[in-house]
Every structure is written in C-alpha cells, then in structure tokens.
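Nothing in this text is a laboratory measurement; each read-out follows from the coordinates by a stated rule. Values in this document were obtained by computation on a predicted structure and should not be read as measured data. Here the Cβ positions follow ideal geometry from the backbone for every residue, glycine too, while neighbour counts run over all protein chains shown.
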Ligand code: NAX
C-alpha cells in the first residue's frame, strides 16, 4: 500500500473547505489508491467550526483517510505537508478599499509562506485559491524563496472549466469531447478565456470549436463576458460564492499536476511566467500547461492573433498593478 500523502487545506472551516475535504478524503484529488492525511487550518474565531468539520470527517469513516490534524497553529498545520491548498484569506467586505484587502492578504500570505518554507516537505506543491489568487501566490513565492517557484501555483481551473461548460451547453456536447480552451492571465474579470485552439471530437473527427460554434460574434463577446462574470452570477443566485465548483476545480488542478494531463490535452494553471508569450517574467499568470511526472510546462508556439494579444496584455497589466499594490503594502 502507498504511504499517505499529507494535504494541508487552509480556511478549512469555510465554504470551499467544507466542499473540498470530503472530495480529497474520497480519493477525487489523488486517486482511489492513495491514502491521505488531512491537515486543516483556520483561525481562532473559526476553531469550533473547524473541530466540527473534523468530527464529520471522522463520522464519514472514509477508508482512504488515515488521519486529521485540525489546528489554528500554522506551524503544526504545515508540518511535513506534501500538498498545500491555500483557501484561507481575508475577504473583501462592503466598503473596504482594495488596498486594505490586499494589505490583509499580503500579511497572511507572507506569514504562511514562512511557515511552509520551514515546515512543509521539501517538494511541497502549493495551490493558492484565496483571492486575489495570483497575487497571493506571488507573495507566497517571494517570501518562500527556498520553495522552488515551479511548486507555487494559483487556481484558474475553475475559469477553465467554466469556459468548457459554456461551450458544452452551446454545442450540446459532452465534456470528454471538448478540450484545450485556455484561460490567460488573472483570476479576475480581466481574465481572457480563449477558444481559438479548442477542439471538439465529432463522429467525423476533431473540429475546431470556432468552426462548430460558427458564431464569432458570440465567442468574442457574450461567451467571454459570461465566463469572466460567472463568479458574480453564482453569488447573485446563491447569495454565496462558488464553492462546490471551486473545490472540484482545485481537485482537478492537483490531480492533473501530480498524475499528468492526457496526451494532446492541456489545462489552465496560474504559474510563474518565464517570459513565454511576452508576459512579464515572475508574474503568476494563467497559461495553458501540460503536466508530466509532477511537473507542468507551458504549452509553446500557439499562434496569438491581435484580438488575443490585447486581452492577454490587459490582464497582465492588471497583475502588474496588483503586484505593485502588494509591494506597497509591505512598507
Ligand atoms: P469562506 O469565507 O467561507 O472561508 C474562508 C475561511 O478562511 C474562513 O473559515 C476563514 O476563517 C479562513 N481564514 C481567514 N483567514 C485565515 C488565515 N489567516 N489562515 C487560515 N484560515 C483563514 O470563503 P470561501 O467561499 O471558502 O472562499 C475562500 C477563498 O476562495 C476566498 O478568498 C474566495 O474569494 C476564493 N475563491 C477563489 C476562486 C478561484 O477560482 N481561485 C473561486 C472561488 C472563491 O471565490
């Protein structure tokens, strides 16, 4: 039998935490043959609720779940973890300035970077979910210099899956038949959902999504806006932000990263830029990636038209602004 993998979930008493821990404990993230030990972190005001989550995990008697550490101590939470899912953060409340929210999250991610650097397993893979996801990941990367930068990522897989969902609805297709959409940039409303390279498997072979949809106007306007605004639409409907879809996407992100993407298929991940596609090096930017043996690589050589270029640069510019806002909070 395999040794258990230790998985940290921060913000574990929250909505996404509540949705993701049973998925992980059931093997959705790492497979049905991989035992796990869950490390759950939250803050003091949520300690009792966190303990309730631990009680439910015990009550669910998951065969793959070999242990639960539920704590408000960041050092204990990070100890020897192999995977860290960073869901905890400071939410934007009504009337708060962007800078104030940024400042709270910068201090959280600075402190958690240090704890991970000192106490996590040396090869720990990190996924930041909490918003502003790309910039929180950037702060974590800057303040955990001994964690390889390749190991620090942020979640844009939810946006990627949302883009797939819109195409599936439109074409009345099945998810296994559509692939290679791309989310470029920030996990925010400036993200660019790009279908120019996406394909659909049909009875007469692979076809471009653009050909099959045959409505460039929809693809270039409403489709993009729907994906960009989907988070807001969920809040309007549920009076709560996306949770089950976010949890599921986080499992997809880690599963593909660890176990690999299928041949010929890529996914979107927020990763540090090496300058690919002219994106400022060092930003955490969502790119199309393939994964093999636990390593992601940015898909190279895709043709970028003028329409795409503008949108890719606009979302990069927003990330550059967020980065300088984050840095201004350090002083
Ligand atoms: P909740 O408010 O339900 O849960 C957040 C939890 O984090 C709370 O239990 C809180 O006590 C805890 N927390 C706060 N500060 C902490 C700290 N310093 N250490 C540990 N825990 C801490 O929010 P939820 O709906 O679960 O969303 C969590 C985060 O995901 C938010 O930042 C949200 O904006 C972000 N999202 C990101 C998405 C993405 O695709 N990247 C999509 C979904 C979601 O909106």
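Taking the centroid of alpha carbons for each part, the stretch 42-105 and the stretch 279-313 are 31 Å apart.
Taking a ≥ b ≥ c as the square roots of the eigenvalues of the Cα gyration tensor, the stretch 143-190 is prolate, since a/c reaches 1.5 or more and a/b is larger than b/c.
Based on the Cβ-Cβ distance from residue 307 to residue 214, what FRET efficiency comes out when R0 is 22 Å, to the nearest 0.05? Computed FRET efficiency for residue 307 and residue 214: 0.80. Could you work out the percent of alpha carbon pairs in the stretch 35-94 separated by over 15 Å, rounded to a whole number? I get 54 percent for the Cα pairs in the stretch 35-94 exceeding 15 Å. When the helices of the chain are scored as -39500 (n - 2.57) per DSSP H run of n ≥ 4 and the total is divided over every residue, the value at 222 nm lands at -13500 deg cm²/dmol.
According to the Cα-based calculation, Rg over Rh for the stretch 215-254 is 1.11, with Rh computed by the Kirkwood formula.
What the Cβ-Cβ distance of residue 60 and residue 280 gives, at R0 = 56 Å and to the nearest 0.05, is a FRET efficiency of 0.80. Remark on the stretch 1-113: Rg and Dmax equal 14.8, 52 Å (Cα only). For the stretch 251-331, the spread of Cα coordinates along the three principal axes comes to 42, 34, 19 Å, biggest extent given first.
Stretching residue 168 away from residue 104 to a fully extended chain increases their span by 19.2 nm, per 0.36 nm per residue minus the current alpha-carbon distance. In the chain, the DSSP beta bridges split such that about 50 percent are antiparallel, to the nearest 5.
Could you work out how far helix 47-60 tilts from the main Cα principal axis of the chain, as a 0 to 90 degree angle to the nearest 10? So the helix axis and the longest Cα principal axis differ by about 80 degrees.
Taking the average, over residues, of other Cβ atoms within 10 Å as the packing measure, peptides 126-139, 88-101 rank 126-139, 88-101 from highest down.
By how many degrees, between 0 and 90 and to the nearest 10, does the Cα long axis of helix 133-143 differ from the longest principal axis of the chain? That works out to roughly 50 degrees. The listed peptides 253-264, 231-242, 53-64, ordered by packing as a protection proxy, come out as 253-264, 53-64, 231-242 (highest mean of other Cβ atoms within 10 Å first). Multiplying the residue separation of residue 300 and residue 26 by 0.36 nm and removing their Cα-Cα distance gives an extension gain of 95.1 nm. To the nearest ten degrees, helix 306-328 and the longest principal axis of the Cα atoms of the chain are 20 degrees apart.
Stretched out straight at 0.36 nm per residue, the stretch from residue 75 to residue 94 would grow longer than its current Cα-Cα span by 3.7 nm.
Where the alpha-carbon atoms of the chain are placed on the principal axes, they occupy 53, 49, 39 Å, in descending order.
For a modelled paramagnetic label at residue 314, 7 Å from Cα along Cα-to-Cβ, the residues of the stretch 227-256 in reach, with backbone nitrogen under 19 Å, are 227-233.
Distance distribution note for the stretch 82-207: the fraction of Cα pairs above 27 angstrom is 35%.
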